[in-house]
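Asks: Structure in structure tokens, see below.
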Amino acid sequence: MSKSVETTEPETKTGVIAKLKAYRAANEGDETFVLPETGVTVTFPKFRKHGVWASCTRLAKNNLGKAQVLYICRVAKFDGETITASDFGAYIPLTDANELMTEVFVAGEDDDGEDSEGKA
């Protein structure tokens, strides 16, 4: 009995994975947002991975507000430094916190809840 040995060329990813990788590559880098009340500059990635959000929701036991703060503290730098969720709660004024959460979680929507393409 002889064994057939197959040689395979490395598979090139096409279809949806290629499309997603292209999107991710096109959205590399950081976004910058200046907190309106304190003037602190916050930087966070343009492409934000879903896995980090999932981890934060598990840690927060599905408490949405807590998960948002954990997520921001995990991905963002404040004037180049990281801060803890406790620091966020103690030192970030409500106005700045709300503006930052809007920037991170609602970016691309206008005042009536539609995105930049007019979709709700």
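Values quoted throughout were computed directly from the atomic coordinates according to the rules given, and no laboratory measurement underlies them. What you see is a predicted model, and the numbers here were worked out from it, not measured in a lab. Methodologically, a virtual Cβ is constructed for each residue, glycine included, from the backbone with ideal geometry; neighbour enumeration extends over all protein chains shown.
Asks: Convert 20 °C to kelvin, take the viscosity as 1.002 mPa s, use the Kirkwood radius over C-alpha pairs of segment 16-55 as Rh, and evaluate the Stokes-Einstein diffusion coefficient in µm²/s, rounded to a whole number.
Replies: 179
Asks: Kindly rank 97-103, 37-43 from highest to lowest mean number of other beta carbons found within 10 Å of each residue.
Replies: 97-103, 37-43
Asks: Find which of LEU64, THR41, VAL75 sits farthest along the positive direction of the dipole of segment 38-80, computed with +1 on the beta-carbon of Lys and Arg, -1 on that of Asp and Glu, about the Cα centre.
Replies: Checked the options; the winner is LEU64.
Asks: Can I ask one more? With 26 Å as the limit, write out which pairs from LYS19/LYS77; LYS19/LYS46; LYS46/LYS66; LYS19/LYS61; LYS21/LYS46 have Cα-Cα distances beyond it, or answer none.
Replies: In this structure, LYS19/LYS77; LYS19/LYS61 lie more than 26 Å apart at Cα.
Asks: Under 20 Å from a point placed 7 Å out from the Cα of ASP79 along the Cα-to-Cβ direction: which residues of segment 91-108 have their backbone N that close?
Replies: 91-101
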